[in-house]
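Structure first, then comments.
The values are calculated or read from the model by the stated rules, or taken from the named source; none is laboratory data. Worth saying up front: this structure is predicted, and the values here are computed from it rather than measured. Counting neighbours? That spans all protein chains shown, and the Cβs are built from the backbone with ideal geometry, glycine included.
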Amino acid sequence: MAKILISKENLFHNLELISNHAGSKEKVAVVLKDNAYGHGLLEIAKLASEFGIKKAVVRTLDEALIIKQFFDDILILSQRTFNTYSHTFHIALNSLEDINNLPMGCKVHIKVDTGMHRNGILPKELKEAILGLLKRNIIISGIFTHHRNADCLATDFFWQSSVFRQVKEDVKSICEELSLAIPSFHSCNSSALFRHNNFNEDFARVGIATYGYIENDSTFNLPNLKPVLSLWAKKISSRELKKGQCIGYGATYKVKEDMQVSTYDVGYGDGFLRLNENQDYSTPKGYKILGRVSMDSISLNSSDEEVCIFEDVRELAKLQNTISYEITTTLSKDIKRVVI
Ligand SMILES: *Cc1c(COP(=O)(O)O)cnc(C)c1O
């Protein structure tokens, strides 16, 4: 069967770089949403916790429940109704109207819309939100925002940072007025964290850098991260093809001279890309994907029992005109993850 190998050494290398840049392990919240970007929720949660990370970020309550035992604090980004709750959880408030859906007495991080214009309340709604939450005995444990363009050399990053600085001031004065504890503040994803030279927020929410990638413009001084995931496939069968014979759907690859070809057990049904004849891709060992990727198989000019399909997704991302996030995140949950 196809399998995914997770390199503990590379993951720890990345977490070390990230923690050093953030200031300490306490200042890192590892983002584990969407099956840890395809790497395996439980596998990465266990490893990050073993490394000493205490905070995690997920998308749903179900994800939070699976990893509850490994972290002190878990931020849940987008869950609107709750049938169970734990004090390990901090729920992101994405709109004023959701205040009434929250469990009484829970902990909340208010998301503030500083320019992304997707989720969050407006800076001018802060006081209304805080008063609404207090009415339901809810603890405001954090205030956060998200950058829309931290990976590009554009002014957006500075503009949103200055809007958020004002948000912090406003929240502090509201908290003083109402005798509330000051919540934690956080605004940085991977790209934004590495744009700071003296990171001074309470923590950063680090996703893609944990897994070994960063999408920033190359003009920035980028850390030496290492990809954590590699995809492997097993041989199903081999055959000798004659010059002129074609491989796969659409018969788009014509064999140029007699050659040994094998089929391997990974395809777009496993969440791998449906590469086609116009995309010239070679595996790390130099084997070519011949013709189109099928649902459950690909053909390579190899006879190895097992081949590594990729160990670094950047080339594939470029070929497919997408970002590293998409290629790892779409890998099926059913592929076995093995930590090495
Ligand atoms: C996904 C996500 C992150 C992580 O972003 P990376 O670019 O992968 O580091 C941080 N914050 C929020 C709100 C997110 O949704």
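Scan the range 196-219 and report the pairs whose first residue is under 25 Å from Ile182 (Cα atoms) and assigned by the TED database to the domain that holds Cys152 and whose second residue is part of a loop (DSSP other than H, G, I, E, B) and near the ligand (Cβ under 9 Å from one of its atoms), with Cβ atoms within less than 6 Å and a gap of 6+ or a chain change.
That search, which allows pairs on different chains as well, returns Ala204/Cys188; Arg205/Asn189.
Let me confirm something: among Ala2, Ala22, Ala36, Ala92, which residue is over 19 Å from Ile143 (Cβ atoms), modelled with pLDDT of 95 or more, in contact with a strand residue (DSSP E or B) (Cβ under 9 Å, 6 or more places away or on another chain) and within 14 Å of the ligand (Cβ to nearest atom)? Spell out how you get there, then give the answer.
On the way: Ala2 fails: within 14 Å of the ligand (Cβ to nearest atom); Ala22 fails: over 19 Å from Ile143 (Cβ atoms); Ala92 fails: over 19 Å from Ile143 (Cβ atoms).
Of the residues listed, the single one that is over 19 Å from Ile143 (Cβ atoms), modelled with pLDDT of 95 or more, in contact with a strand residue (DSSP E or B) (Cβ under 9 Å, 6 or more places away or on another chain) and within 14 Å of the ligand (Cβ to nearest atom) is Ala36.
Here is a yes/no grid of residues against (1) without any contact (Cβ under 8 Å) to a residue 24 or more places away in the chain; (2) on the phi > 0 side of the Ramachandran plot:
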residue	(1), (2)
Asn35	no, yes
His39	no, no
Glu50	yes, no
Ile53	no, no
Asp62	yes, no
Lys68	yes, no
Arg80	yes, no
Phe89	no, no
Leu93	no, no
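Got a sec? Which of Gly120, Gly115, Gly132 is under 25 Å from the mean Cα position of the chain (by Cα), more than 15 Å from His186 (Cβ to Cβ) and small (Gly, Ala, Ser)?
Of Gly120, Gly115, Gly132, the one residue that is under 25 Å from the mean Cα position of the chain (by Cα), more than 15 Å from His186 (Cβ to Cβ) and small (Gly, Ala, Ser) is Gly115.
Name the residues in the range 169-199 that are more than 21 Å from the chain's Cα centre (by Cα), part of a loop (DSSP other than H, G, I, E, B) and buried (at least 22 other Cβ atoms within 10 Å of the Cβ), would you?
Matches in the range 169-199: Pro183 only.
Suppose we filter Ile44, Ile66, Ile76 for residues that are of a type outside the set (Lys, Arg) and away from the ligand (no atom under 14 Å from the Cβ); which single one remains?
On the way: Ile44 fails: away from the ligand (no atom under 14 Å from the Cβ); Ile76 fails: away from the ligand (no atom under 14 Å from the Cβ).
Of Ile44, Ile66, Ile76, the one residue that is of a type outside the set (Lys, Arg) and away from the ligand (no atom under 14 Å from the Cβ) is Ile66.
In the set Tyr287, Tyr268, which member is within 26 Å of Thr330 (Cα to Cα) and within 27 Å of the chain's Cα centre (by Cα)?
Tyr268
Name the residue, out of Thr219, Thr210, Thr263, that is among the hydroxyl-bearing types (Ser, Thr, Tyr) and at pLDDT below 95. First the steps, then the outcome.
On the way: Thr210 fails: at pLDDT below 95; Thr263 fails: at pLDDT below 95.
Of the residues listed, the single one that is among the hydroxyl-bearing types (Ser, Thr, Tyr) and at pLDDT below 95 is Thr219.
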